[in-house]
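Reviewing the structure listed below.
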Amino acid sequence: MSEPRGDGLERRDVPLEMSPEEFRRVGHRLVDAIAEFLAGLRAGPVTRDEAPSALRALLPADGVPEAGADAAALLDEAWRLVSGHSLYNGHPRFFGYITSSAAPIGALADLAAAAVNPNVGGWQLSPMASEIERQTVRWIAGMLGFPAGDGLLASGGNMANFVGFLAARRAKGGSELRARGVGTGQPLACYVARETHTWIQKAADLFGLGTDAIRWIDVDRDLRIDVGALCRRIEADRRDGVRPFLVVGNAGTVSTGAVDPLSKLADVAREHDLWFHVDGAYGAFARVVPELASAFDGLERADSLAVDPHKWLYAPVEAGCALVRDPAALRDAFAYTPEYYRFTGEDEERVNFYERGMQNSRGFRALKVWLGLRQAGLAGYRRMIGDDVRLARELYRAVEAEPELEAVTCGLSIATFRWVPARAAHGDEAAERRLDELNERLLARIKAGGHAFLSNAVVGGRFVLRACVCNFRTTLEDVRAVPGIVLRTARELDLG
Ligand SMILES: *Cc1c(COP(=O)(O)O)cnc(C)c1O
């Protein structure tokens, strides 16, 4: 370096900085574009059938550009790319998976959160953000009637379920587990209904138990766990020297919205000294709807509960939430306190979320959830969730009324059905397999068509179409349009 020391550092040339005037100008432009986008959602397709190569061709050349560029032009271009070539889960006819429409206040909350940029790993790094997250977690526990001793937000349902799984592993895995791992002592086993989401496989694998530790318990005709079969399996494992440690109950399965008999599972857990975890990622928030609440009896007896504010609280992704009953369970499982994180003035009242979960640096997810809860209120959520469920039932009824559609299940806000053409054979295995194939091809067509977006499930071994209403923009007209869209698309299929 030949220039005088410190030269040019009095007023740095910072290409990422924006003047207040520029920020205001560019930001207002973006907000205007977003408002227009939201207003125009209904008129456009749910998604466009574009190939990856077509999208890649729209992106700039490979490699980070050597020279920078103007923020306004870049944001214009980025907005055109993202708003023009996406799957719009905020579209009223998006019925796929369980990705909700996102509350607009959540988008503004994320902007505000990113602008202040608190690191919600430690209280000192995020005083108000930590307090808002703490309050959000308590509010969620309160609205679900769950006696949480502790909890935190996570990126989604998988991560929230992992938190419960790890708390269970720590609590039931023996005092040496943290130092010596899971390889010592009796092998551990966990018990889940066959309908359980695939997070359990990731958890058993990633957290050292191996997927053979999962006992997949059969379900009854309503796709709820067979408690008799569960008890027999636990007893057989005990006789074989295996240590049962965890039973998972579903508060709304991902495929069909089935709710396991949670009270009975709580009894089994108590009798066999198991950790009782409830996966309520999809369904648990339906407990706030009075007509639906009794289905969730027993949820309050769980040791841990995972829910997903980015599903039925309509927060933009990402927002999951893990709750535990025992106030010490999360710190027992996750806390290590090295010297460099010894925050001065620390006391019981200052929540350091890095000690309660897997992340170290953490974003301010709580703001969008907290603002949504306040904007809608409990009464608003009761109405929106209740309406979603009623719309799914209307969709099911509309399907039932069509001779060429076979209604299969309706649970919470998920309806499943399949296309059975009038002349199609029905009954024997070969005919059923042909119907599976037909419906699979039909689904691909429907998705590509952009008029409505459905997904699929497998019920009783059969491939079925699946519509999930987790969407405050969906109306009666939208669900009643589904059978027509399905049958019109079916007629276009080459049946040869
Ligand atoms: C969605 C879902 C998950 C996974 O949640 P993500 O937010 O996608 O990580 C787990 N369990 C159930 C029942 C779900 O519906």
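Counting only helices (runs of 4 or more DSSP H) that sit wholly inside the range 31-136, those with at least 1 residues that are touching a helix residue (DSSP H, G or I) at 6+ places or on another chain (Cβ under 8 Å) are 71-84, 104-116.
For the range 116-124, indicate whether the set of residues that are modelled with pLDDT of 95 or more and within 30 Å of ASP387 (Cβ to Cβ) is non-empty. No, the conditions are met nowhere in the range 116-124.
Can you say whether ALA251 is buried (at least 24 other Cβ atoms within 10 Å of the Cβ) and either closer than 26 Å to MET143 by Cα or modelled with pLDDT of 95 or more (or both), as far as the supplied structure shows? The answer is yes for ALA251.
Looking at this structure, is ILE446 under 22 Å from GLU477 (Cβ atoms) and either in contact with a Leu (Cβ under 8 Å, 6 or more places away or on another chain) or among the hydroxyl-bearing types (Ser, Thr, Tyr) (or both)? So ILE446 fits the description; yes. Exactly one residue out of SER361, SER304 is within 16 Å of the ligand (Cβ to nearest atom), more than 15 Å from the chain's Cα centre (by Cα) and closer than 18 Å to VAL163 by Cβ: that is SER304. For the range 345-395, the candidate set comprises residues that are hydroxyl-bearing (Ser, Thr, Tyr) and more than 16 Å from VAL288 (Cβ to Cβ); within that set, the residue that is surrounded by the most Cβ atoms within 10 Å (Cβ to Cβ) is TYR354.
Under the condition of being part of a strand (DSSP E or B) and over 24 Å from TYR314 (Cβ atoms), the residues counted in the range 137-155 number 1.
Determine if the range 21-28 includes at least one residue that is under 17 Å from LEU87 (Cα atoms) and surrounded by 10 or more Cβ atoms within 10 Å (Cβ to Cβ).
No: the range 21-28 contains no residue that is under 17 Å from LEU87 (Cα atoms) and surrounded by 10 or more Cβ atoms within 10 Å (Cβ to Cβ).
Each row is one residue, and each column tells you yes or no for (1) among the aliphatic types (A, V, I, L, M); (2) within 21 Å of LEU313 (Cβ to Cβ).
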position: ALA366; (1), (2): yes, yes
position: ARG423; (1), (2): no, no
position: ALA430; (1), (2): yes, no
position: ARG434; (1), (2): no, no
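Is it the case that some residue within the range 146-156 is charged (D, E, K, R) and touching a Lys or Arg at 6+ places or on another chain (Cβ under 9 Å)? Yes; the residues of the range 146-156 include at least one that is charged (D, E, K, R) and touching a Lys or Arg at 6+ places or on another chain (Cβ under 9 Å). Scanning the range 276-299 for residues that are of a type in the set (Val, Ile, Thr) and within 12 Å of the ligand (Cβ to nearest atom) gives a single hit, VAL278.
Filtered by the rule that a residue be aliphatic (A, V, I, L, M), surrounded by fewer than 21 Cβ atoms within 10 Å (Cβ to Cβ) and within 17 Å of ARG466 (Cβ to Cβ), the range 87-129 gives a lone residue, LEU87. For the range 156-274, the strands (runs of 3 or more DSSP E) that sit wholly inside it and include 1 or more residues that are within 16 Å of the ligand (Cβ to nearest atom) and in contact (Cβ under 8 Å) with a residue 60 or more places away in the chain are 188-193, 243-250. When the range 90-107 is filtered for residues that are away from the ligand (no atom under 16 Å from the Cβ) and either modelled with pLDDT under 95 or touching a strand residue (DSSP E or B) at 6+ places or on another chain (Cβ under 8 Å) (or both), the ones remaining, listed by number, are HIS91, ARG93. Among the residues making up the range 275-298, those that are surrounded by fewer than 24 Cβ atoms within 10 Å (Cβ to Cβ), touching a residue at least 60 places away in the same chain (Cβ under 8 Å) and outside any helix (DSSP H, G or I) are VAL289, PRO290, GLU291, LEU292. Can we say ARG331 is closer than 25 Å to ARG169 by Cα and surrounded by 19 or more Cβ atoms within 10 Å (Cβ to Cβ)? Here the answer is no, as ARG331 does not meet what is asked.
The values are calculated or read from the model by the stated rules, or taken from the named source; none is laboratory data. Keep in mind the model is a prediction, meaning the values are calculated, not measured. So basically every Cβ, Gly included, is an ideal-geometry build from the backbone, and we count neighbours across all protein chains shown.
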